[in-house]
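Worksheet: the structure to be examined is printed underneath.
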Amino acid sequence: MRTSDFDFELPEELIALEPPAERTDARMLHVGDGIVDRSVKDLVEVLRAGDLLVLNDTKVIPAALEGRRLPREDHDGGPAGQATPAEAPRAVSQNQGVVVEANLIEHLEPREGRAHWRSFARPGKRLKVGDRLDFRGLTAEVVARNGMETDILFDVAEGDFDGALMKAGMPPLPPYIARKRGVREDDRERYQTVYAREAGSVAAPTAGLHFTDELFAQLEAKGVGRAYVTLHVGAGTFLPVSTDDVSDHKMHSEWGVVSEETAAAIAETRAQGGRIIAVGTTSLRLLESAWNGEKVAPFRGDTDIFLKPGDKFPSTDLLMTNFHLPKSTLFMLVCGYAGTEEMKAAYAHAVAEKYRFFSYGDACLLEKKA
């Protein structure tokens, strides 16, 4: 398979920069024997008594930081005051502090008891090991640079970091939103599921953004159950496939848990003839990682599973997800789940009908292709 096989035309105006007015206002494209235009509220009609929703209860941390590189004492190997006249303006500018943006992407082992994180930092080329940073009072030091990645050692103790980050950080919106319209205070609530409880993600499990307590109550009244898994979503969610041959792509690794309780609920649902509905590709990837050849078993650890056309999906019957980027691993996943030609037709229909794409966009409900 070639990466180009999963390309499609997407008008820029269909990329959602704002969430819907209400979470359940989103549209939902139902893909099964055919294509049906629905809304998220229609889940109450589509799902059956005895079905089980499996949701990812990870919580997005405020991983987007903005601040400044603190003034350096030296410039080009010597004190700024000793710069030549031609260099002086540049030296003064350097000492005023360069604006720095950092998106935390991976929690590293603490050093000397201090919080230690890998990040995507901008402008990376202006940073070097030893630079001091100030993110609205949360200070840190650059301790490593490797290509696009910058390792940051914070001055706060590991145990105090979460509280400090809550004050200094903002929601890590996808770059195509953050750079277009910025990050706002209301994103703290809207870029988080209503059932989030296990902190650790640097991107939201976006299919879950459509649910409300009221919708859950309606589904429960119908007899639809709920179970939870935890998969901490990493920055690899935003990374493009850079290889021509799909099989050459190395999938990012993420940490997840399927509890004994959830594994038992899935087994009981199966035994009673109910269907398993994965809410989000993160939930699906974790359930497939926990599949032991016969059933979904308890699981705890890292997974780098890459699901694509040709793979089997024994753990679930339906998948609820948002619309994904062209040539992305997530579009490959849904093509594997519901059929490549079926998903290309569904996405063409969605474009024609002006569905809203990506994280703050509309949803799909996909029936697994036999």
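In this simple spin-label approximation, Ser259 and Asp311 carry label points 7 Å from Cα along the Cα→Cβ vector, and these lie 2.6 nm apart.
Projecting label points 7 angstrom from Cα along Cα→Cβ for Ala297 and Arg184 puts them 4.8 nm apart.
Taking the longest Cα principal axis of the chain as reference, the axis of helix 329-338 is set at about 0 degrees.
Other residues lying with their Cβ under 13 Å from the Cβ of Glu158 contribute a combined charge of -3, Lys and Arg counting +1, Asp and Glu -1. Between 0 and 90 degrees, the angle of helix 281-290 with respect to the longest Cα principal axis of the chain falls at about 80 degrees. Estimated purely from DSSP H runs of n ≥ 4, each contributing -39500 (n - 2.57), the mean residue ellipticity at 222 nm for the chain is -6500 deg cm²/dmol once divided by its residues. For the chain, the longest principal axis of the alpha carbon atoms and the long axis of helix 340-352 meet at an angle near 70°.
Take the cross-link list Lys344/Lys368; Lys308/Lys344; Lys59/Lys308; Lys250/Lys369; Lys308/Lys369; Lys59/Lys180 and give me the ones stretching past 20 Å between alpha-carbons. Show your work: numbers first, answer last.
Values: Lys344/Lys368 15 Å; Lys308/Lys344 14 Å; Lys59/Lys308 26 Å; Lys250/Lys369 26 Å; Lys308/Lys369 13 Å; Lys59/Lys180 24 Å.
Violating the 20 Å limit, Cα to Cα: Lys59/Lys308; Lys250/Lys369; Lys59/Lys180.
Taking label positions 7 Å along the Cα-Cβ direction at both Asp25 and Ser4, the computed distance is 4.1 nm, reported to one decimal. For semi-axes √(5λ) of the Cα gyration tensor in Å, the value computed from the atomic coordinates appears in the list [x] 41, 22, 19; [y] 39, 26, 20; [z] 30, 26, 20 under label [x].
Using the structure shown, list the pairs from Lys128/Lys327; Lys41/Lys167; Lys327/Lys354 with a Cα-Cα distance above 25 Å, or answer none.
Values: Lys128/Lys327 34 Å; Lys41/Lys167 35 Å; Lys327/Lys354 20 Å.
Correct reply: Lys128/Lys327; Lys41/Lys167.
Highest average first, the peptides 150-162, 175-187 ordered by how many other beta carbon atoms sit within 10 Å of their residues are 150-162, 175-187.
About the centre of its Cα atoms, the range 94-249 shows a dipole size close to 560 debye [charges on the beta carbon of Lys, Arg (+1) and Asp, Glu (-1) only; nearest 20 debye].
Each of Trp117, Leu215, Leu307 was placed along the dipole of the chain (beta-carbon charges, centred on the mean Cα), and the one lying farthest toward the positive end is Trp117.
Quickly rank 203-215, 290-302 as a protection proxy: mean count of other C-beta atoms within 10 Å, highest first. Mind showing how you got there, number by number?
Values: 203-215: 22.0, 290-302: 14.1.
Going by the mean number of other Cβ atoms within 10 Å, highest first, we get 203-215, 290-302.
Farthest towards the positive end of the charge dipole of the chain, among the residues Met170, Gly159, Pro298, is the Cα of Met170, using unit charges on the Cβ of Lys, Arg, Asp and Glu.
With only Lys, Arg, Asp and Glu charged, each at its Cβ (+1 for the first two, -1 for the last two), find how big the charge dipole of the chain is about the Cα centre; round to the nearest 20 debye.
Working: 45 positive and 58 negative charges, 90 e Å.
For this selection, approximately 440 debye.
With both partners inside the chain, how many of the DSSP beta bridges are antiparallel, as a percent to the nearest 5?
Working: 52 of 72 bridges.
The answer is about 70 percent antiparallel.
Every number in this text was worked out from the coordinates using simple rules, so none of it is lab data. Everything numeric here is computed off the predicted structure, so don't read it as measured data. Glycine gets a Cβ as well: all are built from the backbone with ideal geometry, and neighbour counts include every protein chain shown.
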